1. How many residues, within region 1-30, are closer than 22 Å to L85 by Cβ and surrounded by 15 or more Cβ atoms within 10 Å (Cβ to Cβ)?
2. Taking M33 as the residue in question, decide whether it is open to solvent by 60 Å² or more (accessible area, probe 1.4 Å) and modelled with pLDDT under 75.
3. Which residue pairs have Cβ atoms under 8 Å apart, sit 6 or more places apart or on different chains, and have a first residue in region 1-15 that is under 9 Å from N116 (Cα atoms) and acidic (D, E) and a second that is surrounded by 10 or more Cβ atoms within 10 Å (Cβ to Cβ) and at pLDDT below 80?
4. Identify the residue in region 70-96 that is open to solvent by 80 Å² or more (accessible area, probe 1.4 Å) and over 26 Å from V144 (Cβ atoms) and, among all such residues, is modelled with the lowest pLDDT.
Amino acid sequence: MNQETHLGHVSALLAEQLAEERAKKTSFEARGMAVISAAGTLVGITTGAVALAASGRSVTFPGTAQRLLVAALVMLVLAAVLGLLVNVPVRLPHAGAADLTRLLEPHVRSGPEEWNRAKVDTILALRRVNRGRAWALTAALLLVVVALVLMMASAAVALGPLPG
């Protein structure tokens, strides 16, 4: 296999890897928005249910149930914040206007090695970003699950033992 064919194969592989990393980034961003929506909905439902339960009557909500509910709401807010962090724009390597203009100049020679190096740099930067987003998304999802458990525990404490 000659050098040109080898560079063509490498370039194709790098283009495929770059597309895959960009797709992961987009997927993380979409899931981050879903976490934000879910957390906001759960906070709204919870506060609405508490307000409904307490309206027009004197309800005693045990302190333990209150603390569990407040902890759940805090976790949902933290999950939403992590969901927002997943969607924070990140500066990635790219060819600026000056770089692109320079490539059009007839005396500039840029070959597959330079293009492949640019692809590798972008892939590595995207992978760093995606690792951080994966961590934030995992933490956000765990916070939502723990918050749901705390909300159920709060309701169980507030309702007391089942008649039996």
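The values are calculated or read from the model by the stated rules, or taken from the named source; none is laboratory data. In this text the structure is predicted, and so the values were computed from the model without any measurement. Because the Cβ atoms are built from the backbone with ideal geometry, glycine has one as well, and the counts that use them run over all protein chains shown. Keep in mind that these areas ignore ligands, DNA and RNA; they rest on the heavy atoms of the full protein, side chains included. Shrake-Rupley method; radii C 1.70, N 1.55, O 1.52, S 1.80 Å.
1. Summing the residues that are closer than 22 Å to L85 by Cβ and surrounded by 15 or more Cβ atoms within 10 Å (Cβ to Cβ) in region 1-30 gives 6.
2. The answer is no for M33.
3. So the pair list comes out empty.
4. Per the criteria, the residue is H94.
One line per residue, one yes/no per condition, for (1) at pLDDT 85 or above; (2) open to solvent by 70 Å² or more (accessible area, probe 1.4 Å); (3) part of a helix (DSSP H, G or I):
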{"position": "R57", "(1), (2), (3)": "no, yes, no"}
{"position": "F61", "(1), (2), (3)": "no, no, no"}
{"position": "V108", "(1), (2), (3)": "no, no, no"}
{"position": "R117", "(1), (2), (3)": "no, yes, yes"}
